[in-house]
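Visitor: Here it is: the structure, laid out below.
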Amino acid sequence: MRSKYYWICLFSLPLFTALITTCGNRDTARISLTVKGAPDSTEVVVSRLAMNEIQVLDTVYTSNGKVTCGVPVYAGSPEFIYLSYGNGENVSLLLQNREKVSVTADWAAPGKVEIRGSEESVLMQEVDSVIKAFNAEFDRMASELAEAEERGGQAEVTRLKRELGSVYVKCKQNAIKYVYSHPKSMSVIPVLYMKTSGGLPVFSQTTDAILMERVYDSLKTVYPASPYLVSLADEVSLRLNAMEIQNRMAAAEAVDFPEIVLNDVNGQQQSLTALKGKVIILMFWDASNVEQRVYNTDLKILYERYHRRGLEIYQVGLNSDKTAWAMQVKEQELPWISVCDPAAGASVGALLYNVTQLPAMYVISRDGSIQSKDVFDMRRLEMEIGRLL
């Protein structure tokens, strides 16, 4: 293994290639590497971060400890570049197009690196050093903890757990300070994605989305065409979505079923928890599916029979084409509450109810407890409704 990076790759290579072509004219950043004391013809692998993988750009060989190379960099889109040599040693760079960077390392002193000509690369090297130092300390303490657990010394285990947690918290605090003090630097990206060598993210909480969103907004003003920010935007969206789920579940503590608030065909918001006190059929469906549309015909008979006694249906269409969904609702003249979540596969409601396939159905009693799931046989469903009413 040539090198080890303690933060995750972000995109697929095809997406990276498609996005990077929109970033402007491609130019070359020049790198001059000197490795003091390196054997002649030492292999140096030049790579870049191509989102979810490290893509090798070139392999060059030293002559008298020196080597030069060029890497393509688009205007307005800095590249994360890595120089790997020797026994897993690597230098992390963050290059702008047309930069001329001088890197000096020492074969006998791994980690001792001097960089000139690229301010972002200097910051990147500092970040890389901090991440490696954190992982070394974390690994050492984790190993001590494992040994203490084997010995069975409870007091020592408690102490080491506390100290290990303190190291983790301190690392995150320092990382936040770095992010706030370098709002326009792309070097904050690996800080946000840093992990322990065991794969534990430092920024693992959904509330970290607030910090990530701030970073995105700041970097977008400097590097609007950078594909790395597309990945960051996706991460922010996922975490904000998770925060919304948590908030909705917290707001629904008064009832046993999670809240859903979506718009109906008239653009009016409809709340699921507002129906508490009735027997509710909550159904997720795909309006483009013929079989599911046919099922609505039988469901209408059941609804007309029991609606006056306290039955309500809250049907959620998981359709990205909201217009097509609305047409089906109107054509079928569905009498119950019909709402649509155009997020479809990323639907908050579907996530809250752990919907893995469509259709999905939940029967909720008057007291707000979920009584049954996926009772699609109409005879059994009618028996269940009659029992609850």
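Visitor: Out of all the residues in the range 181-190, is one or more surrounded by fewer than 20 Cβ atoms within 10 Å (Cβ to Cβ) and part of a helix (DSSP H, G or I)?
Guide: yes
Visitor: List every residue pair whose Cβ atoms lie under 7 Å apart, where the two residues are 6 or more positions apart in sequence or sit on different chains, the first residue falls within the range 361-385 and is at positive phi and touching a residue at least 12 places away in the same chain (Cβ under 8 Å), and the second residue, located anywhere, is outside any loop (DSSP other than H, G, I, E, B) and small (Gly, Ala, Ser).
Guide: Correct list of pairs: Asp374/Ala360.
Visitor: Please give the number of the condition Ser32 fails out of (1) at pLDDT 90 or above; (2) surrounded by fewer than 17 Cβ atoms within 10 Å (Cβ to Cβ); (3) among the small types (Gly, Ala, Ser); (4) not in a strand (DSSP E or B).
Guide: The failed condition is (4).
Visitor: Let me ask something additional. Would you be able to say whether some residue in the range 332-341 is polar (S, T, N, Q), at negative phi and touching a Gly at 6+ places or on another chain (Cβ under 9 Å)?
Guide: Within the range 332-341, one or more residues are polar (S, T, N, Q), at negative phi and touching a Gly at 6+ places or on another chain (Cβ under 9 Å).
Visitor: A further question on this structure: Applying the selection to the range 299-319, what residues are within 17 Å of Asn266 (Cα to Cα) and among the small types (Gly, Ala, Ser)?
Guide: Within the range 299-319, Gly317 is the sole residue that qualifies.
Visitor: Any residue that is buried (at least 16 other Cβ atoms within 10 Å of the Cβ), over 31 Å from the mean Cα position of the chain (by Cα) and either at pLDDT 90 or above or more than 20 Å from Val375 (Cα to Cα) (or both) - is there at least one of those in the range 250-260?
Guide: There is no residue in the range 250-260 that is buried (at least 16 other Cβ atoms within 10 Å of the Cβ), over 31 Å from the mean Cα position of the chain (by Cα) and either at pLDDT 90 or above or more than 20 Å from Val375 (Cα to Cα) (or both).
Visitor: For Ser166, which of the numbered conditions (1) within 30 Å of the chain's Cα centre (by Cα); (2) surrounded by 13 or more Cβ atoms within 10 Å (Cβ to Cβ) fails to hold?
Guide: (2)
Visitor: For the subset of the range 121-139 comprising residues that are surrounded by 16 or more Cβ atoms within 10 Å (Cβ to Cβ) and of a type in the set (S, T, N, Q), which member is nearest to the chain's Cα centre (by Cα)?
Guide: Asn135
Visitor: Next question, about the same structure. Somewhere in the range 335-349, is a residue acidic (Asp, Glu) and loosely packed, with under 15 Cβ neighbours inside 10 Å?
Guide: Within the range 335-349, none of the residues are acidic (Asp, Glu) and loosely packed, with under 15 Cβ neighbours inside 10 Å.
Visitor: Being within 20 Å of Ser92 (Cβ to Cβ) and modelled with pLDDT of 90 or more is the filter here; which residues of the range 194-221 pass it?
Guide: Once the filter is applied, which keeps residues that are within 20 Å of Ser92 (Cβ to Cβ) and modelled with pLDDT of 90 or more, the range 194-221 yields Val215, Leu219.
The values are calculated or read from the model by the stated rules, or taken from the named source; none is laboratory data. What you see is a predicted model, and the numbers here were worked out from it, not measured in a lab. Heads up, the Cβs are rebuilt from the backbone with ideal geometry, glycines too, and the neighbour counts pull from every protein chain shown.
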